[in-house]
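The values are calculated or read from the model by the stated rules, or taken from the named source; none is laboratory data. Note that the structure is a prediction, hence the values are computed from the model and not measured. Backbone-built Cβ (ideal geometry, glycine too); neighbour counts: all protein chains shown.
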Amino acid sequence: MAGHLTISHTIRGEISGREDLYVDGEIEGKVLLEDAKIVIGPNGRVSADVEAREILVLGKVKGNLHGRDSVTIGRTGHVIGDVVTRYISVEDGAQVQGSLDVTRTEDTRVTAISENKAKAHYAD
(Lines give C-alpha, C1' and ligand atoms only; values in the text may rest on other atoms or scores of the structure.)
Protein backbone atom coordinates (compact mmCIF):
# COMPACT_ATOMS: atom_id res chain seq x y z
CA MET A 1 0.00 0.00 0.00
CA ALA A 2 1.38 3.40 -0.96
CA GLY A 3 1.69 6.32 1.44
CA HIS A 4 -0.18 9.51 0.61
CA LEU A 5 0.65 13.04 1.77
CA THR A 6 -2.18 15.45 1.04
CA ILE A 7 -2.13 19.18 0.47
CA SER A 8 -2.71 19.75 4.21
CA HIS A 9 0.51 17.87 5.19
CA THR A 10 3.91 19.49 5.70
CA ILE A 11 6.91 17.33 6.62
CA ARG A 12 10.34 18.62 7.62
CA GLY A 13 13.17 16.15 7.99
CA GLU A 14 14.11 12.87 6.35
CA ILE A 15 11.67 10.42 4.81
CA SER A 16 12.82 6.88 4.07
CA GLY A 17 10.96 3.70 3.28
CA ARG A 18 10.29 0.87 0.85
CA GLU A 19 6.72 1.63 -0.23
CA ASP A 20 5.54 3.96 -2.98
CA LEU A 21 4.72 7.51 -1.91
CA TYR A 22 2.34 10.08 -3.39
CA VAL A 23 3.06 13.66 -2.30
CA ASP A 24 0.51 16.41 -2.77
CA GLY A 25 1.71 18.37 0.27
CA GLU A 26 5.06 19.89 1.28
CA ILE A 27 8.35 18.18 2.12
CA GLU A 28 11.53 19.90 3.28
CA GLY A 29 14.62 17.82 3.94
CA LYS A 30 15.57 14.55 2.24
CA VAL A 31 13.63 11.67 0.67
CA LEU A 32 15.15 8.19 0.30
CA LEU A 33 12.91 5.50 -1.22
CA GLU A 34 15.47 3.11 -2.77
CA ASP A 35 13.07 0.41 -3.99
CA ALA A 36 9.95 2.51 -4.42
CA LYS A 37 8.30 5.08 -6.64
CA ILE A 38 7.56 8.64 -5.59
CA VAL A 39 4.98 10.81 -7.31
CA ILE A 40 5.04 14.52 -6.60
CA GLY A 41 1.48 15.48 -7.45
CA PRO A 42 0.36 18.76 -9.02
CA ASN A 43 -0.01 20.38 -5.57
CA GLY A 44 3.24 18.85 -4.27
CA ARG A 45 6.05 21.18 -3.17
CA VAL A 46 9.33 19.45 -2.38
CA SER A 47 12.48 21.23 -1.17
CA ALA A 48 14.67 18.17 -0.82
CA ASP A 49 17.06 15.84 -2.55
CA VAL A 50 15.04 12.83 -3.71
CA GLU A 51 16.40 9.34 -4.29
CA ALA A 52 14.03 6.59 -5.46
CA ARG A 53 13.64 3.76 -7.96
CA GLU A 54 11.20 5.86 -10.02
CA ILE A 55 10.38 9.56 -9.75
CA LEU A 56 7.39 11.30 -11.34
CA VAL A 57 7.18 15.08 -10.95
CA LEU A 58 3.89 16.85 -11.60
CA GLY A 59 4.43 19.60 -9.00
CA LYS A 60 7.49 21.60 -7.92
CA VAL A 61 10.85 20.25 -6.74
CA LYS A 62 13.81 22.28 -5.58
CA GLY A 63 16.58 19.74 -5.08
CA ASN A 64 18.51 17.02 -6.85
CA LEU A 65 16.69 13.96 -8.23
CA HIS A 66 18.30 10.53 -8.42
CA GLY A 67 16.00 7.98 -10.03
CA ARG A 68 17.66 4.58 -10.13
CA ASP A 69 15.43 3.39 -13.00
CA SER A 70 13.64 6.48 -14.30
CA VAL A 71 12.65 10.11 -13.85
CA THR A 72 9.58 11.57 -15.55
CA ILE A 73 8.81 15.26 -15.44
CA GLY A 74 5.21 15.86 -16.46
CA ARG A 75 3.92 18.90 -18.30
CA THR A 76 3.00 20.59 -15.00
CA GLY A 77 6.33 19.65 -13.37
CA HIS A 78 8.99 22.17 -12.39
CA VAL A 79 12.43 21.02 -11.24
CA ILE A 80 15.29 23.20 -10.02
CA GLY A 81 18.22 20.85 -9.48
CA ASP A 82 20.31 18.17 -11.09
CA VAL A 83 18.78 14.93 -12.39
CA VAL A 84 20.63 11.59 -12.47
CA THR A 85 18.90 8.51 -13.87
CA ARG A 86 19.03 5.67 -16.39
CA TYR A 87 15.92 6.79 -18.31
CA ILE A 88 14.34 10.26 -18.46
CA SER A 89 11.15 11.65 -19.93
CA VAL A 90 10.40 15.37 -20.02
CA GLU A 91 6.94 16.26 -21.31
CA ASP A 92 6.10 19.39 -23.30
CA GLY A 93 5.56 22.30 -20.92
CA ALA A 94 7.76 20.90 -18.13
CA GLN A 95 10.42 23.19 -16.67
CA VAL A 96 13.89 21.94 -15.73
CA GLN A 97 16.74 24.10 -14.44
CA GLY A 98 19.86 22.05 -13.79
CA SER A 99 21.98 19.37 -15.36
CA LEU A 100 20.80 16.01 -16.69
CA ASP A 101 22.96 12.90 -16.33
CA VAL A 102 21.48 9.90 -18.11
CA THR A 103 23.77 6.98 -17.36
CA ARG A 104 23.18 3.37 -18.26
CA THR A 105 25.45 1.92 -15.56
CA GLU A 106 24.43 -1.71 -16.12
CA ASP A 107 25.49 -1.48 -19.78
CA THR A 108 28.88 -0.19 -18.63
CA ARG A 109 29.22 -3.06 -16.12
CA VAL A 110 28.42 -5.69 -18.79
CA THR A 111 31.05 -4.19 -21.11
CA ALA A 112 33.65 -4.11 -18.31
CA ILE A 113 32.92 -7.76 -17.39
CA SER A 114 33.22 -8.82 -21.05
CA GLU A 115 36.53 -6.94 -21.39
CA ASN A 116 37.88 -8.53 -18.20
CA LYS A 117 36.93 -12.02 -19.46
CA ALA A 118 38.63 -11.28 -22.78
CA LYS A 119 41.79 -10.12 -21.01
CA ALA A 120 41.76 -13.19 -18.78
CA HIS A 121 41.32 -15.44 -21.84
CA TYR A 122 44.21 -13.86 -23.72
CA ALA A 123 46.42 -13.94 -20.64
CA ASP A 124 46.47 -17.79 -20.71
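For beta carbons closer than 6 Å, sequence separation of 6+ or different chains, a first residue in the range 25-38 that is farther than 16 Å from Ile7 by Cβ and modelled with pLDDT of 95 or more and a second that is of a type in the set (S, T, N, Q) and part of a strand (DSSP E or B), the qualifying pairs are Leu32/Ser16.
State the number of residues belonging to the range 72-100 that are more than 20 Å from Lys37 (Cβ to Cβ) and assigned to a strand (DSSP E or B). Adding up the residues that qualify gives 3.
Which of the residues spanning the range 1-55 are more than 22 Å from Ser89 (Cβ to Cβ) and of a type in the set (Lys, Arg)?
Within the range 1-55, Arg12, Arg18, Lys30 qualify.
Being of a type outside the set (D, E, K, R) and under 11 Å from the mean Cα position of the chain (by Cα) is true for just one of Gly67, Gly59, Gly77. Which residue is that? Result: Gly67 is the single residue among Gly67, Gly59, Gly77 that is of a type outside the set (D, E, K, R) and under 11 Å from the mean Cα position of the chain (by Cα). Of the candidates Glu51, Glu34, Glu19, the single residue that is among the acidic types (Asp, Glu) and part of a loop (DSSP other than H, G, I, E, B) is Glu19. When the range 1-16 is filtered for residues that are part of a strand (DSSP E or B) and β-branched (Val, Ile, Thr), the ones remaining, listed by number, are Thr10, Ile11, Ile15.
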